[in-house]
Amino acid sequence: MSLARLLAVVRKELVQLGRDRLTFAMIVGIPTLQLLLFGFAINLDIRHLPAAVLDQANTMHSRELVAELASSQVLDFRRVVAAPQEIDAAMRRGEISVAVVIPQDFETRLARPDRPAWQVVVDGSDQSVQAAARQLSAFPLASLDYGAAANRPGTRAVPSVEIVNFYNPERRAPINTVPGLIGVILAMTMVIFTAMAIVRERERGNMEMLIATPLSPFELTIGKVLPYVGIGLVQVTLILLLGELVFDVPVRGSLLEVYLAAIVYIAAMLSLGVFISTLADSQFQAMQMAFFTFLPQILLSGFMFPYDGMPRAAQWLAEIFPLTHFLRLIRGIMLRDAALGEMWHELAALAAFVVVMLSVAVLRFRKRLD
Amino acid sequence: MAAEARAQESVIVAHGLTKRFGDLVAVDHLDLDVRRAEIYGFLGPNGCGKSTTIRMLCGLLRPSEGEVSVLGQALPRGAETVKRAIGYMTQKFSLYEDLSVRQNLEFLAAVHGLRGASARARLEEMYARYHLGELKERLAGTLSGGQKQRLALAGAVLHEPELLLLDEPTSAVDPQSRRDFWDALFDLAEAGTTLLVSTHYMDEAERCHRLAILDRGRLVADGSPQRLMADLPGSTFRVDCGQPRRVQLALAREAHVLGVAQIGSSLRVLTDRRDGADWLRERVRAIDADAEVEAVAANLEDVFVAATRKSAVEAAA
């Protein structure tokens, strides 16, 4: 192990990176694009569903109910229809995905707890719409409360649930998404960059020349990977800045701890990249394998779907992924002002991943061609 | 006397060196003895095991069987020690195309542990000796074939290796660059470096001090080019005739004819008979009455054809 040789590799890698405009564009481009995409477009919090209303009762209470639903912004009433057939037709044409039907005997129904007073018709083909519409039934509707209380106090339990939302009272998706995106973006770029950078040496024939020199595989690997730690930290900074400026996402905990957690996580991703590089023969293969590790992480880590809602087997699998642990760390520090010390076991899990991956990679990495 | 003893010192010794890739035997029980400061050639067609042998000698591949020692170190155990004292010029250009000439050489100097003033002095020497001064800031990927080859050579000898292994170094360059390149190799040998060069060019093989002819992984002949030509166990003739193509096809079927090649309007015929002149004249005149047969001096190509043909017959038997 010679520091001079290690530094020679780092220097060479930096010069090559500086010349590689595409990679450079990806370092800045991927985080920016993903952040804006996930932040704005892929808003998991569904609002403004196109809806129609059929108010056959047309009483004070029914009008209040409609007004309240409209003000919730979950539904966007595009049409007021006069007959049930029109709902059918509009939904088939895709003009609306939700319809609210208030029957003629709305007032009487309100007075009786055993029959639903009104109906929500949902285009069930889109699961997320279905889920959003289902939330409506738990929506605290003041008008119903009022009506029920007036007619038969204390017996109706329609607005029974009051949802208290702690860290995201406005139920804004970016609050949760931005910290998660730090993990997702690093999982994508770090693994791909390192795996490809190492495989490239082999694919272009440089490895054959390097193997005949005193350079050790360890020096070569670490030298090639070190610059990417810096690049990962640049990406973290970029996401934090954009998150703050564009989406108003705060860092409630210690900024230093955010970076500490990020460094350990970056090391995990880099070691995964190094491991992949020992398996892949070409840059294309390395890319494929990187995506293969990326997809389950994004799906199971709790970034897309809540961890608690997953089947037990999926949860066990998710515990293997570094992203799962990093999400808990970064959401804890950024949103709940948690201290790194309180979540040391998540950090330990990441460290264990690094040790295992690097050991396997070193064992597999031969300084020979056969 | 001391210098002579030094010249007799073996740099590469191999006994029964073998490399298998699955069922394929790429190198088959090769015996080698390469002496200090000589230019030793590997001559053979593509796929004859030249590159595989060179890769085993620099520790890139592990032999399947046999013993080999390089610079007194038994391989593969002493591979890391050997790597400090050898230079290896790969068949395909293997420096970084996206680095400049200077950056490539500076990287290699650092990898080899050269630093400070001595590294700078050595780099300047390399620029001057291999005419790279003007090209210093050019990206290696933008150089011509001959320029790339000079850069690769500079990279391989930067750390003054005792042994330089070159795998088909001149396959991508023009004849003038090839001549200049060989002058550079002779300079290195003069200075005491041992060189092992693989090639499939006869004219290059002829320039080597000693030569090994490889065919399908086996050593089929070795010695100095002059020795090999003198020891050719047959004779070579020039046949002038009206219908060279027809005569060529007829002769190719003859048992004692090892090779027939058309050169311009005449044929060059290699037979395995010492007294082949009368015999051949008779055969040729049966096809073309006006044909003239004349004995000519053997060249290295004849040696190559005779040796590989002999090994093919032995393999078939």
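The numbers here are math on the coordinates, done by the rules we state, and not lab data. None of these values were measured; they are calculated from a predicted model. Quick reminder, even Gly has a Cβ in these numbers, built from the backbone with ideal geometry, and neighbours come from all protein chains shown.
Before moving on, here are some points about what is shown:
- Residues whose amide H lies under 5 Å from that of B:Glu38, counting only those 5 or more places away or on a different chain, are B:Leu195; hydrogens are built 1.01 Å from N in the peptide plane.
- Annotation: for a label point projected 7 angstrom from Cα along Cα→Cβ of A:Gln73, residues of the stretch A:229-265 with backbone N closer than 20 Å are A:243-250.
- Taking the C-alpha atoms only, the angle from helix B:276-287 to the longest principal axis of chain B is near 60 degrees.
- Cα-based reach from B:Lys83 at 23 Å (exclusive), listing lysines while leaving out same-chain residues under 8 positions away: A:Lys12, A:Lys224, A:Lys367, B:Lys19, B:Lys50, B:Lys92, B:Lys148
- Residues whose placed amide H lies under 5 Å from that of B:Ser266, excluding near-sequence neighbours: none
- Diffusion coefficient of the stretch B:2-226 by Stokes-Einstein, Kirkwood radius over Cα pairs, 20 °C, 1.002 mPa s: 119 µm²/s.
- Within the stretch B:289-314: backbone nitrogen closer than 18 Å to the B:Asp31 label point (7 Å, Cα to C-beta): B:311
- Taken about its Cα centre, the protein assembly as shown carries a charge dipole of roughly 580 debye when the Cβ of each Lys and Arg holds +1 and the Cβ of each Asp and Glu holds -1.
- Integer Hz, Karplus 6.51/-1.76/1.60 couplings in order for the stretch B:184-198, x for Gly and Pro: 5, 5, 5, 4, 5, 5, 4, 7, x, 7, 8, 10, 10, 10, 9
- Computed 3J(HN,Hα) for the stretch A:62-77, one whole-Hz value per residue from the Karplus formula 6.51 cos²θ - 1.76 cosθ + 1.60 where θ = phi - 60°, is 5, 5, 5, 4, 4, 4, 5, 4, 5, 6, 6, 6, 5, 9, 10, 6, glycine and proline marked x.
- Mean Cβ neighbour count within 10 Å, used as a protection proxy, ranking A:180-187, A:7-14, B:76-83 highest first: A:180-187, A:7-14, B:76-83
- Shielding of A:212-220 by partner chains, average beta-carbon count, 10 Å: 5
- Restriction of the GluC sites (Glu not before Pro) in the stretch B:84-147 to DSSP coil positions whose beta-carbon has at most 13 other beta-carbons within 10 angstrom yields B:Glu137.
- Shape call, the stretch B:78-210: gyration tensor on alpha carbons, a/c limit 1.5: oblate
- Averaged over the residues of A:198-211, the number of partner chain Cβ atoms lying within 10 Å of the residue Cβ comes to 4.
- Global geometry of the stretch B:233-297, whether rounded, prolate or oblate, following the gyration tensor of its Cα atoms and the 1.5 cut on a/c: rounded
- Low-density loop positions, trypsin sites (Lys or Arg not before Pro), the stretch B:189-282 - DSSP coil, at most 12 other Cβ in 10 Å: B:Arg253, B:Arg274
- Using the Karplus relation 6.51 cos²θ - 1.76 cosθ + 1.60 with θ = phi - 60°, the per-residue 3J(HN,Hα) values for the stretch B:154-170 come to 4, x, 7, 10, 3, 9, 6, x, 6, 10, 10, 10, 10, 9, 6, x, 10 Hz, with x marking Gly and Pro.
- Result for chain B in a Gaussian network model with C-alpha springs under 10 Å: among B:Leu228, B:Leu219, B:Leu143, the largest mean-square fluctuation is at B:Leu143.
- Highest-fluctuation residue, B:Ala298, B:Ala140, B:Ala110 considered, GNM on chain B with Cα pairs under 10 Å: B:Ala110
- Solvent-free Debye scattering, log10 I(q)/I(0), computed from the Cα coordinates of the protein assembly as shown at q = 0.05 Å⁻¹: -0.45
- For the stretch B:138-197, trypsin sites (Lys or Arg not before Pro) meeting the loop criterion (DSSP other than H, G, I, E, B) and having at most 15 other Cβ atoms within 10 Å: B:Arg138.
- Amide proton proximity set for B:Gly87, modelled H, under 5 Å, gap of 5+: B:Leu163, B:Leu164, B:Leu165
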